[in-house]
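Read the structure below first, then the notes.
The values are calculated or read from the model by the stated rules, or taken from the named source; none is laboratory data. Since we're looking at a predicted model, the values are computed, not measured. In this analysis, Cβ positions are derived from the backbone assuming ideal geometry, glycine residues included, and neighbour counts consider all displayed protein chains. Accessible surface is based on the protein model in full, side chains and every heavy atom, while ligands, DNA and RNA are left aside. Shrake-Rupley method; radii C 1.70, N 1.55, O 1.52, S 1.80 Å.
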Amino acid sequence: MSARRTTARFSLALALVASFAVGGAAASASAAGEPDGLYSTSSPGEGAANGFVQLDKTDATATPVGPVSDTYFFLSVEVVNGLGYAIGYEADAEDAPFQVFTWDITSGAVLTAVVATAPIDGEFSLEALDTTNAGVLLTYLQSGDIEWLASIDPATGVVTPLVDLDTAPDGRIFEGIATNPVTGVTYLLADYDDGIPAYSSIDIATGGFGESVFFPQFAETLGSGWFSEGDFDATGTLWFTYSGDVGVARTDGPAEVGVDAVELGDPDIVSKAITIGQTVVAPAPAPEPQLAATGFPVAPVVGGAAVLLAAGLGMIVLRRRATV
């Protein structure tokens, strides 16, 4: 693991994409509480809690969504069907367990807070959030030196390991998760600590990793670095936080076509918190997926969790990476 990874890293349901009001390349100023808005969390002071913010799609100016929390540090966020989700922990509590939250994107109010549980012994941390087209809320689960792509149920807090990331065929470093609603492909934003951002597709059912796709043009435009976290909009444009002094950027067209990046701004936000709201409809009932072997005697995410997520949709820190 690279020296720059010595700080924290951790990382819903509903599917079939509907329509969005704003495309990435033609982004405009944002109104508060937009279901397809660009959201993040404010950067906290030393050891302090933080709050939710909405980012302007033109220059990434951050507008607070409600007051800063008195209790929680929100590490990663997701917005689906107008409802916010987050993972984090109690900021002032020593060895506080990770929790999964739902929150109101207009007022910033925390609606539910559930302690996360995972079928592993000892401490663990969570990082990154993403919703697949199949209706699963994804995160990264880490315990010691072992890391998995996992699902998390915001209603129960149950974290289910899906893919053992140590089975990746090379030394990539996992950062964020992003599913393109246009194609349904889920990407793991993962680089090689070489200054060139990259991602690769993941087949959750088989545990198969796609070839890494590198974006050297991004390194030329934005400078050497990596994707900290990202999210696709309805056009396939990737909005992301980037290492260094860049802050927030997006691709200038559908990312899967291979394009350049547009720098938006550098607001004072948590680098692992970026999402662009999705509007989806609940999928028809589907057979339980055959998930990749993880070494855990746990059931895949199905049925009850998917129904709960569709209806409502709505780090004990082991190593903490800089979050601003």
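These residues, Asp36, Asp170, go from largest to smallest accessible area, 1.4 Å probe, as Asp170, Asp36. Solvent-accessible surface (1.4 Å probe) assigned to Ser228 amounts to roughly 10 Å².
Summarising the amide proton neighbourhood of Gly236: residues at separation of 5 or more, or on other chains, whose placed amide H is nearer than 5 Å comprise Val182. For the stretch 181-233, compute Rg over Rh where Rg is the Cα radius of gyration and Rh is the Kirkwood radius from the inverse mean 1/r over Cα pairs. In the stretch 181-233, Rg relative to Rh is 1.00. Residue ranges 244-250, 109-115 sort as 244-250, 109-115 when ordered by packing (mean number of other C-beta atoms within 10 Å per residue, highest first).
Quantify, in whole percent, the carbon and sulfur part of the accessible surface of the stretch 204-269 (1.4 Å probe; protein heavy atoms only).
Values: 1210 of 2460 Å².
Accessible surface attributable to carbon and sulfur in the stretch 204-269 totals 49 percent.
Near Asp260, the amide H atoms lying under 5 Å from its own belong to Asp252; only residues 5 or more places off or on other chains count, and H is placed 1.01 Å from N.
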